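The values are calculated or read from the model by the stated rules, or taken from the named source; none is laboratory data. Note that the structure is a prediction, hence the values are computed from the model and not measured. Neighbour counts run over all protein chains shown; Cβ positions are idealised from the backbone, glycine included. Areas reflect the complete protein model, heavy atoms only, side chains present, ligands, DNA and RNA absent. Shrake-Rupley method; radii C 1.70, N 1.55, O 1.52, S 1.80 Å.
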Amino acid sequence: MKLSLASLLFIAPAAAFAPSSTFGASRTALGMSTEAAAEKTFAKLPASVNAGVVTGPALKDLLSAAKEKGFAIPGVNIVGTNSINSCMEAAAKYGGPIMVTFSKGGGQFIAGKSLSNDADSASIAGTIAGAKHVHEVAKLYGVPVVLHTDHCQKAWLPWIDGLLAASEEHFAATGEPLFSSHMLDLSEEPLEENIGICKDYMEKFAKVNILLEFELGVTGGEEDGVDNTDVDSSRLYTQPEEVWYAYEELSKVENAMFTCAASFGNVHGVYAPGNVDLQPVILHNSQKYIKEKLGCDEDKPMFFVFHGGSGSSVDDIRYAIKAGVVKMNIDTDTQWAFWDGIREYEAKHHDYLQAQIGNPESDIKPNKKFYDPRMSLRAGEERMCDRLCQAAEDLLCTNVLN
């Protein structure tokens, strides 16, 4: 179970920060973009949201619709085209959007583990290759797809630099970035340094319509090279004042679009009941605090994201959605589901997988159709797809397109 994170979506106005007027401008921006001029693809979503990769104004509209209608998008860590395709297959089945999420390690795996990763070259190349695969096939699945990258700590910023360069090139050619959003996880740094670096990157992202997700508080547990298993438990819970400080600073960036990941107690992985103390009430309390600071009428001015859906109870998930959660990250459960599909395939066809020739039917009968890698990998895809459809039900994200 990943650490739960509260995420605020904000689009800053060109003018200097002013709480009440900024909030009004934020809501206007969320409702704008290309919706008025575009023909609707999905009856239940804004007209700007089409099948394929969703970025910029269309991404704003999609997240706004999720909050208003009360559903959250599954955000899934992937490691190759098999898991990428499982995500989009599931979205087509449950009738909703999906967020395909690349980690630095996942990108390296896509490029090839035998490659040197000096200067993050393999992680950069693999993540870009995976993103291009999604761009090529996403429309065929007929669903909106958000292309996101996961936790990037300070030492890994060169990875983001390489991906940003690819998005800048893509933006120059198409008017859209290659990636929809990036997460900077600088939560281990002092608050001022965390937000200062995020602000520098926000200025770069804003020029090519990329959303920034940042983290406040520390993710417990361990995942993909980030190990916080021994962190002080007090750091697992973010205070509303910290969120407000980040909001106030990042909102000074013209055309900024960002999400604030505020921890509320989850940890990476799946643990026995009673070992994790989730406090999604922090999301509700933060909404009240930001509303008071902004002087606005809206009860849920912020957009949250729940980092750490694996193993979470449906009650906690639904309570978080009521606080304005629009995305929940899933990794551990989908990893297990993919493996479980392969495991079941091997158990079912075990006697046909012991030699190239010879099985219970005949000593001379070939087994190629059983050991073809596509067969076991497809079994993994199908089981992962099933798990994501279950997650979509928990997130109230089924049948939200038409």
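Residues in the range 297-312 include at least one that is under 21 Å from residue 74 (Cβ atoms) and open to solvent by 30 Å² or more (accessible area, probe 1.4 Å). Summed over the range 388-398, residues that are in a helix (DSSP H, G or I) and open to solvent by 50 Å² or more (accessible area, probe 1.4 Å) total 2. Residue pairs whose Cβ atoms lie under 6 Å apart, sitting 6 or more positions apart in sequence or on different chains, and linking a residue in the range 230-243 that is closer than 11 Å to residue 262 by Cα and among the aromatic types (Phe, Trp, Tyr) to a partner that is open to solvent by less than 60 Å² (accessible area, probe 1.4 Å) and at pLDDT 85 or above, do not occur here. Listed here are the helices (runs of 4 or more DSSP H) enclosed by the range 1-104 that have at least 3 residues being at pLDDT below 95: 19-31, 56-69. In the range 272-378, counting only strands (runs of 3 or more DSSP E) that sit wholly within it, the ones holding 1 or more residues that are at pLDDT 95 or above span 357-359, 362-366. At least 3 residues being among the β-branched types (Val, Ile, Thr) and either touching a Ser or Thr at 6+ places or on another chain (Cβ under 9 Å) or open to solvent by less than 50 Å² (accessible area, probe 1.4 Å) (or both) is the threshold, and among the strands (runs of 3 or more DSSP E) wholly inside the range 128-223 those reaching it are 144-149. Of all residues in the range 369-381, those being under 28 Å from the mean Cα position of the chain (by Cα) and free of Cβ contacts under 8 Å to residues at least 60 places away in the same chain number 4.
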